[in-house]
Amino acid sequence: MTHLIRQSVTSEEIMDTSVHDTMRAALRRAKADTQLPVVFSGDYTGKTLTLNRFIGMRTDGLRNLGVSPGAGLGGRCAASGRPLFVSDYTTSEGISHDYVDVVREEGLRSMLAVPVLVNKTVRAVLYGAVREATNFGDSVRGALFAAAKDLGDELRVREEVERRAEQAEFLRADMKAEMAGADRETLRMLHSELRAIAAQISDPELRDRLTRAGAALVSVGRPDDPTAAATAPVAAPSPIALPTLTPREIDVLSQVALGCTNGEVAGQLALSAETVKAYLRSAATKLGTRTRMESVTRARLLGLLP
């Protein structure tokens, strides 16, 4: 029989705090949608499923329990990538009984386990359980399936945001002042993508990080660092104040800089075409330009776009 494994490292130490909060929020939604008395989840690394978030538990028997792939209900779910159900965990012949003692101690009987998939890879398992032998109805199963899918989609978006932010930070640190045209175009594409994604992220922490990463790209490859110039002492104030564009105006111009039409910009930024035109008009007024591309050129000269 497989021994019970207690993880010495907590979930908070393994996962980023914002991701942990996302998982907790998903668990609360699953509890509300399924109306089950007990819901819990575990993170899956491919080697171990660690149970670490709980609502409705009476004991600590399952806390930080490491479940081996293929063992018990959750281990089988993680290994197969398929939802699994038992009407009575303690007597079911369809699963191993490696963890039956701690499950019995908690008093759980019927249990449903659903994998959380991120890019077709199991990253976690969501559980729903009751303390009596029963069959879950379609509405309960559907609600838990939907919670697992929504969580997988949100984790996928977060990972993509992290990947792009890291790529931006790498480019800024690694690129030299002299850049080839292809490198500059890649930089501009990444800048516009970062801003477009940031504009649609509801999490303020992720949105701010993405916006900062995009802003940092503007100075890459320029002979003079605008941030350094801004902090250097000057003999006298400039007689002409530089125009200040709003974040949305920069978002729109960064898309225009890639050759996007107003309709394409609207689709990328989840705006209406009329709103895009309004931002272009206000940016042109501030920049003193007459056309879209003049606005892009002027914004680049001022260090507002890469």
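Listing for the model above:
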item: When residues of the range 45-60 are limited to those that are of a type in the set (Ser, Thr, Tyr) and surrounded by fewer than 17 Cβ atoms within 10 Å (Cβ to Cβ), the one farthest from Val114 (Cα to Cα); result: Thr59
item: Subset of the range 35-54 [over 14 Å from Gly75 (Cβ atoms), touching a Gly at 6+ places or on another chain (Cβ under 8 Å) and not hydrophobic (A, V, I, L, M, F, W, C)]; result: Pro37, Asn52, Arg53
item: Complete set of residues in the range 111-144 that are surrounded by fewer than 15 Cβ atoms within 10 Å (Cβ to Cβ) and either within 22 Å of Ala79 (Cβ to Cβ) or in contact with a helix residue (DSSP H, G or I) (Cβ under 7 Å, 6 or more places away or on another chain) (or both); result: Asn119, Lys120, Thr121
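Conditions tested, residue by residue: (1) under 30 Å from Val19 (Cα atoms); (2) modelled with pLDDT under 75; (3) part of a helix (DSSP H, G or I); (4) charged (D, E, K, R).
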position	(1), (2), (3), (4)
Thr211	yes, no, yes, no
Ala216	yes, yes, yes, no
Gly221	no, yes, no, no
Ala235	no, yes, no, no
Glu274	no, no, yes, yes
Lys286	no, no, yes, yes
Ser295	no, no, yes, no
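Here's the yes/no breakdown for (1) open to solvent by less than 80 Å² (accessible area, probe 1.4 Å); (2) part of a helix (DSSP H, G or I); (3) at pLDDT 75 or above:
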residue: Val19; (1), (2), (3): yes, yes, no
residue: Thr22; (1), (2), (3): yes, yes, yes
residue: Arg28; (1), (2), (3): no, yes, yes
residue: Phe40; (1), (2), (3): yes, no, yes
residue: Asp43; (1), (2), (3): yes, no, yes
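Matching residues to (1) farther than 23 Å from Gly61 by Cβ; (2) touching a Lys or Arg at 6+ places or on another chain (Cβ under 9 Å); (3) without any contact (Cβ under 8 Å) to a residue 40 or more places away in the chain:
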site: Pro83; (1), (2), (3): yes, yes, no
site: Tyr99; (1), (2), (3): no, no, no
site: Val103; (1), (2), (3): no, yes, no
site: Val114; (1), (2), (3): no, yes, yes
site: Lys120; (1), (2), (3): yes, no, yes
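The values are calculated or read from the model by the stated rules, or taken from the named source; none is laboratory data. Just so we're clear, the structure is a prediction, and the values are computed from it rather than from any experiment. Cβ coordinates were reconstructed from backbone atoms using ideal geometry, including for glycine residues, and neighbour counts include every protein chain displayed. Ligands, DNA and RNA are excluded from the accessible area calculation, which covers all protein heavy atoms including side chains. Shrake-Rupley method; radii C 1.70, N 1.55, O 1.52, S 1.80 Å.
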